[in-house]
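I'd like to ask you about the structure that follows.
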Amino acid sequence: MVTVEELFAIDALLSGEEREIRDTVAAFAAQRLRPHIADWFEAGTFPAREIAPELGKLGLLGMHLEGYGCAGMSATAYGLACQELEAVDSGVRSMVSVQGSLAMTAIHKFGSEEQKQRWLPEMAAGSALGCFGLTEPDFGSNPGGMRTRAKRDGDDWVLNGSKMWITNGSVADVAVVWAYAEDGDAKPVVRGFLVPAGTPGFTAREMHRKLSLRASITAELDFDDVRLPADAVLPESGGLSSPLACLSEARFGIIFGALGAARDCLSSTIDYARSREVFDKPLAAYQLTQGKLADMALELGKGQLLAVHLGRLKDRGEISAEQISAGKLNSTREAIAIARECRTILGANGITLDYPVLRHANNLESVLTYEGTAEVHQLVLGKALTDANAFR
Ligand SMILES: Cc1cc2nc3c(=O)[nH]c(=O)nc-3n(C[C@H](O)[C@H](O)[C@H](O)COP(=O)(O)OP(=O)(O)OC[C@H]3O[C@@H](n4cnc5c(N)ncnc54)[C@H](O)[C@@H]3O)c2cc1C
């Protein structure tokens, strides 16, 4: 028997250090996360405060960033870590993505030296949590339409508005909030603001009744005349390109991550099909089953080859936004197709939490939607291929 990684000789493309990082994260995930994940998912919770310091100790928070206590690893190594975390659950990888690729990246890219010193070392260690508030109830795919405003008042800023679907929102120590900054007569421009938890007028409410990413905390944020000091603004941020630059980092992690979920579905399904007997022989020995398994292995292997290729481009500083879109679209679309196909092989058992496949499939509904929906990435690629903007 070979694994998909062996079939496609993926290890041959990785350095010894990259394989070691991947195996360390896999061992941590197997021992610390996997035994609890079905219970967390069922309960609709994730012990972010408890797990974050352990992830921090492994260097997984802001892993690709340099300095300020961050591990400064390669993009490919970061991707491989995401793959191992998401093989357990997309909720775990989401927590790490939001902390490192969104909140910490925003501070690292656009913050002042004081802001970096204040937040990044604690966030890298997992003793402080961050969230990233861009989406609003009426503006997801089109964040430029956001209504949240920060108005200059003397030296201060006064923030009003709301954000929705914010991962880690109700457990975060600091929210990176994107708002149109209105400063005198100047044209309003999107800028990032650091809003510490407990600031008067700022409330975060956990959202419930989710059928996807249940092992992840999602919140609604409200800002009602929140008075912030002058130094709350991320000084280097300016324009929608600032939050979008952070989203590119998180999308990159998903290219690898979603394939981790798919791999977990496929491997658990192969185990199941080898032991489950139907009509007096193992399910795995039927041609229809093998056809499904072979097709899924092909898509997973091709996705992994693309992910490593894109990782190498990113490590050389050569990756484009369109290439990240291509990877995010491919990985999420194929991963959800694999998860659903695996569920068919598991029959009725596939609908329970005793097996990971429907949990992954449900999670992947969110992964397909956040960080740019599949359709948004099709439009990005369509524009690149035709030079015609079809967003509006
Ligand atoms: C579990 C979860 C966690 C999240 N975490 C965060 C977070 O931490 N921070 C944050 O800021 N956001 C977060 N989000 C929000 C996420 O980024 C948005 O849901 C996403 O951007 C899509 O926005 P929307 O849900 O408003 O859908 P809409 O924008 O309303 O889209 C609805 C449908 O319309 C399609 N569509 C949109 N525009 C076009 C077009 N031009 N042409 C054709 N079709 C189009 C979309 O593809 C989609 O199919 C999270 C979401 C989820 C589900």
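The values are calculated or read from the model by the stated rules, or taken from the named source; none is laboratory data. Remember, it's a predicted structure, so these values are computed and weren't measured experimentally. Cβ sites come from the backbone with ideal geometry, for glycine too, and all protein chains shown count toward neighbours. The protein model used for the area step is the full one, side chains on, heavy atoms only, and it has no ligands, DNA or RNA in it. Shrake-Rupley method; radii C 1.70, N 1.55, O 1.52, S 1.80 Å.
Given a 1.4 Å probe and every protein chain left where it sits, what share in percent of the accessible area of segment 241-380 is carbon and sulfur?
Working: 3070 of 5790 Å².
Accessible surface attributable to carbon and sulfur in segment 241-380 totals 53 percent.
Test of understanding: in a Gaussian network model of the chain with alpha carbons linked when under 10 Å, which of 207, 95, 104 would top the mean-square fluctuation ranking?
Result: 207 has the largest fluctuation of those listed.
Next question, about the same structure. Of 182, 206, which has the most accessible area with a 1.4 Å probe, and how do the rest follow in descending order? Walk me through the numbers on the way to the answer.
Working: 182 50, 206 70 Å².
Reading off the accessible areas and sorting them downward yields 206, 182.
Take every Cα-Cα distance within the chain, group them into 20 Å bins from 0 onward, and report for each bin the whole-number percent of pairs it holds.
Each 20 Å bin holds this share of Cα pairs: 29, 57, 14, 1.
If you rank 371, 299 by how much accessible surface each has, with a 1.4 Å probe, what is the order from largest down? It would help to have the intermediate numbers written out before the result.
Details: 371 30, 299 50 Å².
From most accessible down to least: 299, 371.
A further question follows. Just give me a number: lysine pairs in segment 83-230, eight or more positions apart or cross-chain, with C-alpha atoms less than 30 Å apart.
Final tally of qualifying lysine pairs is 10.
Which whole-number value in Å² is the accessible area per residue of segment 179-246, probe 1.4 Å? Please report the intermediate quantities before stating the final value.
Values: 3300 Å² over 68 residues.
Accessible area per residue: 49 Å².
Out of the trypsin sites (Lys or Arg not before Pro) in segment 301-367, which ones are loop residues according to DSSP with at most 13 other C-beta atoms within 10 Å?
316
Based on the alpha carbon coordinates of segment 331-376, what radius of gyration and maximum Cα-Cα distance (Dmax) apply, in Å?
Taking only Cα atoms of segment 331-376, I get Rg and Dmax of 11.2, 34 Å.
State the number of lysine pairs found in segment 234-359 whose Cα atoms come within less than 26 Å, restricting to pairs 8 or more positions apart or on distinct chains.
Working: 281/292; 292/302; 292/328; 302/314; 302/328; 314/328.
Step by step, the pairs that qualify in segment 234-359 add up to 6.
Also: For segment 2-137, what % of the accessible area comes from carbon and sulfur atoms, probe 1.4 Å?
53 percent
Quick check on the chain: helices-only [θ] at 222 nm, where DSSP H runs of length 4 and up contribute -39,500 (n - 2.57) each and the sum goes over total residues. Nearest 500, please. List each step's numbers first, then the result.
Values: 13 runs with 193 residues, N = 392.
So the helix-based figure for the chain works out to -16000 deg cm²/dmol.
Rounded to the nearest 10 Å², what accessible area does residue 370 have for a 1.4 Å probe in the complete protein model?
Answer for residue 370: close to 50 Å² accessible.
List the trypsin sites (Lys or Arg not before Pro) within segment 85-171 that DSSP assigns to loop and that have no more than 16 neighbouring Cβ atoms inside 10 Å.
Details: sites: 93, 109, 116, 118, 147, 149, 151, 152, 163; in loops: 147.
Filter output for segment 85-171: 147.
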